[in-house]
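**Q** Quick one: this structure, given as structure tokens, is what I'll be asking you about.
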């Protein structure tokens, strides 16, 4: 039974097993496992057909698989191969003869295929043109950017509406509460999402107050870091002065809503663009102007 | 070569006749016999690679089932399935189909959860497998090629995980894609164009799920299967490494043969792996997309953590300071540093491990005997330091959870982790190096003086046999052959 690769018959085989005391425990474990396996299989079938519970199906399957697996391992343990078979490694390194042999082939190629430089160059050129020819279809995967990112649906006089289409009245009460709004007619449009909140007007800094109405301020809701929706208003009143922060839940950037939503903590490098507000004839909040810069994380040339 | 078995009269059973009927047409029966007798060294740490392979098999089997129901499209439809709270909500076709798998396909939830658990274990097993290869120096020549193939497999596994995670089009996965788009967008020169090409226009577009689907179920698994085949074929052809020990040399392999000792245990492991993953899928909820809801551009939730293996990237994004570089009207956003540069700085050296090791040790020769980690103190220390750095990033990915648990401000936790990222790796390096050197001085099992082995004879007596005879004969007999 000795093959060319196994240099010596192992001390196992029938003889080896006999030399060791029989592992009764492993034998019993294998028997129990191979009995548990079909029980698991039946359990899985019952779980499925009775439709009672999905977990029964899963646990049944797991028992069946586990029974087979544990049974095999126990069986191997019972057989107690305990082999220490020695096999020689074949050298992997290239020999000088092999190298010379291959060199002859390379030389032959140079003498034949490589002799006509013009053909080689033309062939390479054809392959390159084939690659170039495939660039076009790749371009169809997406349109060329045409400045869409610089524009949103916000325009002068456009109302702020909530996601169910309700306009916001400037007289609505609700200090220190936030709402997500969209331009009227464009509910759900990603880059137009805006977070609006109302604070006591005297808290706002001068540059922020310029775009506010009656304590209402609005900012783009898209975090300037990685584009998640800034969704939380953190109010920390443990300190003598109450601190308000707009927080992005993804990477914990926070912005100061009282001062142009400048970043105060976390990885966001830029403030959230402010949407200047006004009030229309019917007392609803409207945009006084569109955003003055792209919203969200910027591309490299949007500085 | 004469086969002694051919001259022995014997009855040929079914297996022999079937094998013969094939090898009689295509040849290679001696090759088959030789490979059945192939020797595998055994050590518990050699198991991780097998574990990765077997979880991949679970992934393929469960994944095929899921493709029969999944619908990779973003058309909006109204949900009418059996999950009450979402009825009447407008969801994408992709989300709807995953809800159908979870609630209306009998056994679907089990398969889906098993698939997700298998993915988590797959990447975990790859990480442990890599750690084993690294710390024992198994990546050295001639296995440096296979290290690189393994690294590509790791990257593919991460890509498979990320694309799969994105397919249900729920709130969490949509948030992940949004962040991905932000990173792509910020790339200098190509960012905006590339983002439009990938998403089919300005974010979010309507193409991305339909595009990720074939990537997830065809392109990535296809590449994994192809490279995995090469990976395993090389392991087989180059033969396994082994730890030093009696009778074990650079020129041989000592262990058990493929059949039956190794195969029985390994096939057993396949079933055990499948059993554990199935049990996880049956008992523990994972990625409960009905709780997150469909993707909504204007929503995001806190505690939004990705699957564990993306945690280091999430941490990089969270911990990196708000720095950006402006060069003449152009900006390099900090997300380029945290989302592209830092991950590259982690992965590029990993790919180059065999060559870095060669450069640092000046040793470029072939190795088939493994190092004990303590015996390569510098390598072990570098490994421990790097793992520490990645662990800090991983913790950074859950900094809000940590802050809440410890009742500390998020900013404080962030600052502590930023500092740790800089100082913990060198400390870990130093500690690991010291420990290795201390362990080297301590005699291990190999250094223990053994007088001999005491054996009990058949008649009940005891006597000592000299160790020079070697264990069980064969290993010792061959020491002289290879010397």
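**Q** Scanning region A:159-180 for residues that are part of a strand (DSSP E or B) and free of Cβ contacts under 8 Å to residues at least 40 places away in the same chain, which turns out surrounded by the most Cβ atoms within 10 Å (Cβ to Cβ)? Steps first, please.
**A** Just the residues of region A:159-180 that are part of a strand (DSSP E or B), to begin with: A:159-162, A:167, A:169, A:175, A:178-180.
From what is left, the residues that are free of Cβ contacts under 8 Å to residues at least 40 places away in the same chain are A:161-162, A:179.
Details: A:161: 19, A:162: 14, A:179: 17.
Restricting to residues being part of a strand (DSSP E or B) and free of Cβ contacts under 8 Å to residues at least 40 places away in the same chain, the top hit is A:161.
**Q** Considering only residues that are touching a strand residue (DSSP E or B) at 6+ places or on another chain (Cβ under 7 Å) and buried (at least 18 other Cβ atoms within 10 Å of the Cβ), which ones fall in region B:369-416?
**A** Hit for region B:369-416 is B:370, nothing else.
**Q** Do we have residue B:255 as touching a helix residue (DSSP H, G or I) at 6+ places or on another chain (Cβ under 9 Å), assigned to a strand (DSSP E or B) and farther than 30 Å from residue A:143 by Cβ here?
**A** yes
**Q** Looking only at region B:224-236, decide whether some residue is facing another protein chain (nearest Cβ under 7 Å), touching a residue at least 24 places away in the same chain (Cβ under 8 Å), surrounded by fewer than 23 Cβ atoms within 10 Å (Cβ to Cβ) and within 25 Å of the chain's Cα centre (by Cα).
**A** Residues of region B:224-236 facing another protein chain (nearest Cβ under 7 Å): none.
Scanning region B:224-236, I find no residue that is facing another protein chain (nearest Cβ under 7 Å), touching a residue at least 24 places away in the same chain (Cβ under 8 Å), surrounded by fewer than 23 Cβ atoms within 10 Å (Cβ to Cβ) and within 25 Å of the chain's Cα centre (by Cα), so the answer is no.
**Q** Would you point out which residue out of B:123, B:91 is in contact with a helix residue (DSSP H, G or I) (Cβ under 9 Å, 6 or more places away or on another chain), under 17 Å from residue B:296 (Cα atoms) and surrounded by 19 or more Cβ atoms within 10 Å (Cβ to Cβ)? Give the steps one after another, and end with the answer.
**A** Values: B:123 fails: under 17 Å from residue B:296 (Cα atoms).
Only one candidate qualifies: B:91.
**Q** Same structure again: Can you tell me which residue among A:172, A:218 is within 14 Å of chain B (Cβ to nearest Cβ) and closer than 22 Å to residue A:282 by Cβ?
**A** Working: A:172 fails: within 14 Å of chain B (Cβ to nearest Cβ).
On inspection, the qualifying residue turns out to be A:218.
**Q** Now for a separate question. Any residue at all in region A:78-91 that is out of contact with any helix residue (DSSP H, G or I) (no Cβ under 8 Å at 6 or more places or on another chain) and either more than 7 Å from chain B (Cβ to nearest Cβ) or under 30 Å from residue B:102 (Cβ atoms) (or both)?
**A** Checking region A:78-91: at least one residue is out of contact with any helix residue (DSSP H, G or I) (no Cβ under 8 Å at 6 or more places or on another chain) and either more than 7 Å from chain B (Cβ to nearest Cβ) or under 30 Å from residue B:102 (Cβ atoms) (or both).
**Q** Tell me which residues, restricted to region B:244-253, are at the interface with chain A (Cβ under 9 Å from one of its Cβ atoms) and within 27 Å of the chain's Cα centre (by Cα).
**A** B:253
**Q** Does region A:35-47 include one or more residues that are touching a residue at least 24 places away in the same chain (Cβ under 8 Å), crowded, with 19+ Cβ neighbours inside 10 Å and either more than 9 Å from chain B (Cβ to nearest Cβ) or over 33 Å from the mean Cα position of the chain (by Cα) (or both)?
**A** Taking region A:35-47 as the starting set, the residues that turn out to be touching a residue at least 24 places away in the same chain (Cβ under 8 Å) are A:35-40.
Imposing the further condition that a residue be crowded, with 19+ Cβ neighbours inside 10 Å reduces the set to A:37, A:40.
Still in the list and also either more than 9 Å from chain B (Cβ to nearest Cβ) or over 33 Å from the mean Cα position of the chain (by Cα) (or both): A:37, A:40.
Scanning region A:35-47, I find at least one residue that is touching a residue at least 24 places away in the same chain (Cβ under 8 Å), crowded, with 19+ Cβ neighbours inside 10 Å and either more than 9 Å from chain B (Cβ to nearest Cβ) or over 33 Å from the mean Cα position of the chain (by Cα) (or both), so the answer is yes.
**Q** Separate question: In this structure, does residue B:225 turn out to be under 26 Å from residue B:69 (Cβ atoms), assigned to a helix (DSSP H, G or I) and touching a helix residue (DSSP H, G or I) at 6+ places or on another chain (Cβ under 7 Å)? If you could, list the steps in order and put the result at the bottom.
**A** Working: under 26 Å from residue B:69 (Cβ atoms): yes; assigned to a helix (DSSP H, G or I): yes; touching a helix residue (DSSP H, G or I) at 6+ places or on another chain (Cβ under 7 Å): no.
It is false that residue B:225 is under 26 Å from residue B:69 (Cβ atoms), assigned to a helix (DSSP H, G or I) and touching a helix residue (DSSP H, G or I) at 6+ places or on another chain (Cβ under 7 Å).
**Q** Next up: Have a look at B:205, B:176 and point out the one that is within 14 Å of chain A (Cβ to nearest Cβ), touching a helix residue (DSSP H, G or I) at 6+ places or on another chain (Cβ under 8 Å), outside any helix (DSSP H, G or I) and within 26 Å of residue A:298 (Cα to Cα).
**A** On the way: B:176 fails: outside any helix (DSSP H, G or I).
One residue alone meets the criteria, B:205.
**Q** Return the residues of region B:94-111 that are touching a helix residue (DSSP H, G or I) at 6+ places or on another chain (Cβ under 6 Å) and not in a helix (DSSP H, G or I); say none if nothing qualifies.
**A** The one that is touching a helix residue (DSSP H, G or I) at 6+ places or on another chain (Cβ under 6 Å) and not in a helix (DSSP H, G or I): B:107.
**Q** Could you please let me know if residue A:272 is assigned by TED's automatic domain parsing to the domain that holds residue A:195, assigned to a loop (DSSP other than H, G, I, E, B) and surrounded by 19 or more Cβ atoms within 10 Å (Cβ to Cβ)?
**A** Values: assigned by TED's automatic domain parsing to the domain that holds residue A:195: yes; assigned to a loop (DSSP other than H, G, I, E, B): yes; surrounded by 19 or more Cβ atoms within 10 Å (Cβ to Cβ): yes.
Taking the combined requirement at face value, the residue satisfies it.
**Q** Could you say whether any residue in region B:318-330 is more than 7 Å from chain A (Cβ to nearest Cβ), buried (at least 19 other Cβ atoms within 10 Å of the Cβ) and within 28 Å of the chain's Cα centre (by Cα)?
**A** The answer is yes; a qualifying residue exists.
**Q** Sort out which residues of region B:402-415 are touching a helix residue (DSSP H, G or I) at 6+ places or on another chain (Cβ under 9 Å) and part of a helix (DSSP H, G or I), and write them in order of number. Don't jump to the end; show me each part of the working.
**A** Start the filter on region B:402-415 by keeping residues that are touching a helix residue (DSSP H, G or I) at 6+ places or on another chain (Cβ under 9 Å), which leaves B:402-404, B:406, B:408-414.
Of everything in region B:402-415, those that are touching a helix residue (DSSP H, G or I) at 6+ places or on another chain (Cβ under 9 Å) and part of a helix (DSSP H, G or I) turn out to be B:402, B:403, B:404, B:406, B:410, B:411, B:412, B:413, B:414.
**Q** Moving on. Quick one: residue B:271 ticks every box in (1) farther than 28 Å from residue B:168 by Cα; (2) surrounded by 20 or more Cβ atoms within 10 Å (Cβ to Cβ); (3) at the interface with chain A (Cβ under 7 Å from one of its Cβ atoms); (4) modelled with pLDDT under 95 bar one, so which box is it?
**A** The one condition residue B:271 does not meet is (4).
**Q** Shifting gears a bit: All but one of (1) closer than 16 Å to residue A:36 by Cβ; (2) within 34 Å of the chain's Cα centre (by Cα); (3) more than 7 Å from chain B (Cβ to nearest Cβ) hold for residue A:53, so report the exception by its number.
**A** All conditions are met except number (1).
The values are calculated or read from the model by the stated rules, or taken from the named source; none is laboratory data. Please read these numbers as outputs of a predicted model, since none were measured by experiment. Note that each Cβ is placed from the backbone with ideal geometry, even for glycine, and that neighbours are counted across all protein chains shown.
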